[in-house]
Amino acid sequence: MSVVTTDPRFLLLLHHHHHNHRRATSFKPVPKFQLISERRLPFHLNCRQIASRRNNVGTRHSYPLNALSSSGVETSESLDVTFRETFRLQRPDKLEGKITIRLDCGKNEEYGQLTVGCNLPGKWVLHWGVNYVGDVGSEWDQPPLDMRPPGSIPIKDYAIDTPFGRSPEPEGEVVYEVKIDFNTNSSIAAINFVLKDEESGNWYQHRGRDFKVPLIDYLQDDGNVVGTKKSLGIWPGALGQISNVILKSDAADYKADDIIEPNLQKRPLQGFYEEHSVFKEVFTDNAMSISVRHCLERAKNIVYIETDLPGDVVIHWGVCKDGGKSWEIPSEPYPPETTTFKNKALRTLLQQKDDGRGSWGQFTLDDGFSALAFVLKLNENTWLNCKGDDFCIPLTSSVVTAKDSGLTHSQDEEQLKDFVSAEKFDDTSDSNQTGAAYTDGIISEIRNLVYDISSEKSRKTKSREAQESILHEIEKLAAEAYSIFRSSMPTFTNTNLSEDEDLQPPVKISSGTGSGFEILCQGFNWESHKSGNWYMELHEKASELSSLGFTVIWLPPPTDSVSPEGYMPRDLYNLNSRYGNHDQLKNLVKRLHEVGIRVLGDVVLNHRCAQYQNQNGVWNIFGGRLNWDDRAVVADDPHFQGRGNKSSGDNFHAAPNIDHSQEFVRKDIKEWICWLREEIGYDGWRLDFVRGFWGGYVKDYLEASEPYFAVGEFWDSLSYTYGEMDHNQDAHRQRIVDWINATNGTAGAFDVTTKGVLHSALERCEYWRLSDEKGKPPGVVGWWPSRAVTFIENHDTGSTQGHWRFPGGKEMQGYAYILTHPGTPSVFYDHIFSEYQSQIFALISIRKRQKIHCRSPVKIVKAERDVYAAIVDEKLAMKIGPGHFEPSNGAQNWSLAIEGRDYKVWEVSS
Amino acid sequence: MEVSVIGSSQVNLGRVNDTGLCSFSRNLNTNISIVKSSYSKRCNLGQTQNLVWPSSRSTVGFSLRASASVNSQAVVSEKASTLTKPIDDVKLYVGLPVDTVSNSNTINHGRAMAAGLKALKLLGVDGVELPVWWGIAEKEAMGKYDWTGYLAVVEMVEKLGLKLHISLCFHASAEPKISLPQWVSQIGESEPSIYFTDRSGQQYKDCLSLGVDDRPVLDGKTPLEVYNEFCESFKSSFSPFMGSTITGLSIGLGPDGELRYPSHHHPVQSNGQCGAGGFQCYDKNMLGDLKHHAETQGNPLWGLGGPHDAPSHEQSPISGGFFAENGGAWETPYGNFFLSWYSSQLICHGDRVLSVAVSTFKDVPITLSAKIPLMHSWSEARSHPSEQTAGFYNTAHRDGYEAIAETFSKHSCKIILPGMDLSDESFPTESHSSPESLLAQITSSCRKHGVEVLGQNSSVSGSSKGFEQIKKKLLGGNAAMEVFTYQRMGAYFFSPEHFPCFTQFVRGLNQPIQSSDDLPVEDEETAKFLSGTKLQLQAA
């Protein structure tokens, strides 16, 4: 919950890639202060001592300081102490350092060296690429092999990750450095880079852009602004999106005569040295010890708080009654330096200790309160709480026993909302400004539109393109307006309505859902191509898969492909692949049908590898039966010189992206997938990289091929703030829902949101994340369950690639979630054939027994720090997490169906 | 999808030969500069923008053209006349949420509005309609106006280049709850006769009775005076926008802003049966007026109250009693007496309020209008009972809308008429309802008196059928109208069930039903594309 201000110019917090996001945990400065509490307070001498009742509340997250837990102190003082605890505090802190960039030119001016350094501790990686002379736009290329320092790893096809090495400076300061050697005679125009701190997962840019070091003196200005890549996984908001849709020119700044002719003449390179300041957030360990003494005579509790946090510390507090959760303000007197905050809480500034090492405060409270609840405020933006909850200190009265201090997350949130209400509640007042910003967008848009229609030359293609762009834009805006309007109407949820409609014909088969009772199996992993006869291996396993309860299997991409895994398709009608040949595939499908499993073909429609070069030597002429030329390639990836329209989605940079706006392309693709259906017997599709083109085309293809089931891979990054995943992932799931919508619901989509939220919840023991603000599941499954295909791992995220691996050892919690919840669950091959098999089988059996389907209603009954529990369709109860939950035996009689590590599932016993 | 091995030579070796792109960008710059200069010119010209863009009336025209019409009219303005039908004659407005401005006079869900307005703009919608509530702008005390919230909305709309139609609402809204001004409700508590009252003595508190129009019931002022001052204050506060952004204004004449009695405010019966509503002439003032009127007509006994045998709210009106299909009292001299009086009260009220509006806004370049209802239930019955209770003396042998149209004509006001989306088919025969023929009757009365009709829809079902019906009404025949306002923006409006239908509707409106003959013959690709577009539209 803590919020830290950092310099936005240098700290880029959005992630470009699907990397695992971690928080800074390994680097912690040694605590500067040790709390010594020998100096006891005088007041306890005045109190009559009562029997010691040491409360063990909160021990799970307590880290007693040495001085306090030493036995000598404890025995001598525990008599009147009703509560004593030391809390470890992680104080966010801002470290300032510098990034240094040095360019050296060799003496003979033939070799140069670029040195990038950073003096902040961290696991630094240089993420870099180059531009060649004559490149247009800001797309990076990978540097030639001889430029790559040892230890470099290629990332996708356009960048290199090079780890920084340590090199001690003369003064003993450690500096992390990367040196890149280059040949000044090469055709490299510039080196582009950003820094990544793998420890915190943060990226560091230069004023919001890449660092760009020109190696020749001509460099097209602004290159990295105009062509800002769309593929970064950043959702720039409606306005930002426009800038991608419209022509890439800032019309306002252009002058007709302002065209720069590339000047390819080189001048000798000038060396330089630059420093940029950089900030990094680290967490410093501090501690706070709290003791409560009860004074029977005066019927008062005396709470003593002591901390080594430096600077001013304000306790924002209230008291609770009868174990309740709402804060009250006790009657006076208050400690010194106490103010009332909006009649909801009190704020007390702790007094500095004499030695200046921290501060302390003493709170005397009347009997009758069950707890003192508080959070710490370090400054306007930094608050500390207890692992997401308020600190909650149980108080004793003559009769009441100390209560459990575990307050729920929701209250904590409410409290915090109150705190920040002043800052963020002002939606109405700034709406004018917002309006103005939107207007600007519109004006530039109209300007471009006018350009589009008045340019006679490119009229045909342009108007077509403009139409599509505008349709996209309108869709996005409408979706945005919808989500806000909807959120302000709590009684209305669209999903429920459409679900109801769907439900009316009970066994209506829709390609978005199948029967509604499907259970998917991903029938391969990243290594499956290696055996050369995967189809045969699966053939053997068909009946086993069927008996495990799977109804649909997803097979690997079947076509001729440049990469062995099949995701770089070339000749679409050639179905001989590393997984087996055409006939083996047919046999496998036949066998699967025999055992009652439907089969999904993995179709890659976004891109296709060419077989021939065009006159410029660019590979963009296709071969095989679909011998398209460069008109089938989108125009906005300069590497492939496509003559088609601009892409209707994000670009995949490794191969020519297909231009689906071309009628002939669509016709051919429709023919192809209908042929696959007919010839091989596929029942449906798993659609690869559907971010790359408009969902409306997918709808076309699905309507043509009439699949039994279809699911699309729409994978982009979740939202993170300061390296920590946001609780609210509505924007992320909205994008997926938007795509499903664009397909008119003819396809489901993998619920990447749910996977992401499960990661955070399980990894960090933050199970409260599994309930969104409306008490529904936080993923796509909470909004459009029938179209959500839930999964925890696939060939990209896990397997031998591990791009975004599910928290290790917690897979069964993940399956306990997706196999009990609505949505269509998908189980990864590696997990089916692992030690988890029996548990997965048990969960599938329960799902089938209780007839849980993709639209089953789910009621979340607990979403707290360490436990999440839900009741599905009133027939099945489940919990995950180490915390405690038992379904209450009221109307239903629950019996435990399966129990595993940190999860339990119950079903109604009849 | 990730690829770890990229081994092929064809992958990403491209070094771009950029000569082609260079000339392209030169081309692009030139064009943009042209556009830019014209654009700024147009901005400076303000209201005379037509001069610069002869083929379109406003910037909106551009987005329409670009988004909707393929044959690139911007460069072929002279061609516009050759189109089968100048569809652009229909201006499309969309109603903003009822609670656009909250009770505390701030903009509700401003970000949603901003996004929504932009979507509408791109879609080619001409403008929006904004309800301005008496209970919000003059909430606290008589004469104490607060326009801040509304000014903010108007500015927002202006910045987006949309037009604005204002609806002055002197009534209250049930959902979302917007009351009459507090000080009015307080007066009403001690003086319930300011409200319409039905036979059972129940008051309708969502607007003032027309019986008090000229009575100084509001702290010494008459409602008409208060309405007048409200209008004057509105006019002076919004004068900078009048005629530019604000192009139209409608004035509320009764319940839901419509010229009628609140005869149907009882909830629909659970059996779905819709009665004829009830007469609303039982407040002190109206009863007094009725009595007086009866006496002057020489039939004092007729002035003691409304018809004793009028059906109750839930009864089927035509089975017996006053509205009986055969032999009902409505066809008697008494019936004629009462219905004439009852309906003329309503017409006079309309006349009075319109006068107020006209006197205030006559010197402002905006079109004035007011709304009348489409009381289509039971309209196939000879007595038209629903219309009767609402104040329209329209029967099998009397045209009740002539007088209305005449009044509007006198003030040069336009009539807003809802129900453009309703078709007879959707009402079962036993409901005796024919919205289409009633609509036709009203529009023909209006045409006769030269009163222009502005259309609205009655429901937001979002069914493509409703949109088809609207389209038919807008484009069909000689009854074509100039402005249609779609009600209204909100969560459902932008929902995936509804918005695609709306999009399709708008694009259908602005894309004339064109045979391929209208397209240049040589432009085969474009023709192909046209059919492609339609496919995509359905998905949009």
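The values are calculated or read from the model by the stated rules, or taken from the named source; none is laboratory data. What you see is a predicted model; the values in this text were computed from it and never measured. Glycine gets a Cβ as well: all are built from the backbone with ideal geometry, and neighbour counts include every protein chain shown. The accessibility values were calculated without ligands, DNA or RNA, using every heavy atom of the protein model including side chains. Shrake-Rupley method; radii C 1.70, N 1.55, O 1.52, S 1.80 Å.
Values as computed for the structure displayed
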| read-out | value |
| --- | --- |
| Spatial separation of Cα centroids for segment A:669-690 and segment B:375-393, in angstrom | 59 Å |
| Nearest-20 debye value, segment A:790-910 charge dipole, Cβ charges on Lys, Arg, Asp, Glu | 340 debye |
| Segment A:699-780, dipole about Cα centre (Lys/Arg Cβ +1, Asp/Glu Cβ -1), debye to the nearest 20 | 200 debye |
| Cβ-derived FRET efficiency at R0 30 Å, residue B:482 paired with residue B:410, nearest 0.05 | 0.90 |
| Flagged links, alpha-carbon separation over 30 Å, of A:590/A:755; A:342/A:774; A:590/A:810; A:646/A:670; B:163/B:465 | A:590/A:755; A:590/A:810 |
| Å² of accessible area per residue within segment B:386-446, as computed with a 1.4 Å probe and no ligands counted | 34 Å² |
| Cα convex hull of segment A:759-910 - mean projected area over all directions, nm² | 8.5 nm² |
| Part-to-part distance (alpha-carbon centres) for segment A:558-579 and segment A:743-817, which is given in Å | 29 Å |
| For peptides A:598-607, A:86-95, sequence by mean Cβ density within 10 Å, most packed first | A:598-607, A:86-95 |
| Buried solvent-accessible surface, both chains (A, B), 1.4 Å probe, Å² to nearest 100 | 8300 Å² |
| Segment A:839-903 versus segment B:404-466: alpha-carbon centroid distance in Å | 56 Å |
| Cβ-based net charge around residue A:897, under 9 Å, with every Lys or Arg adding one and every Asp or Glu removing one | 0 |
| Average beta carbon contacts from partner chains per residue of A:559-566, 10 Å cutoff | 3 |
| Average beta-carbon neighbours from other chains, 10 Å sphere, peptide B:495-506 | 4 |
| Shielding score for B:118-129, defined as the mean number of other chain Cβ atoms within 10 Å | 5 |
| Pairs from B:177/B:205; B:121/B:414; A:476/B:121 whose Cα-Cα separation, in the structure shown, is over 20 Å | B:121/B:414 |
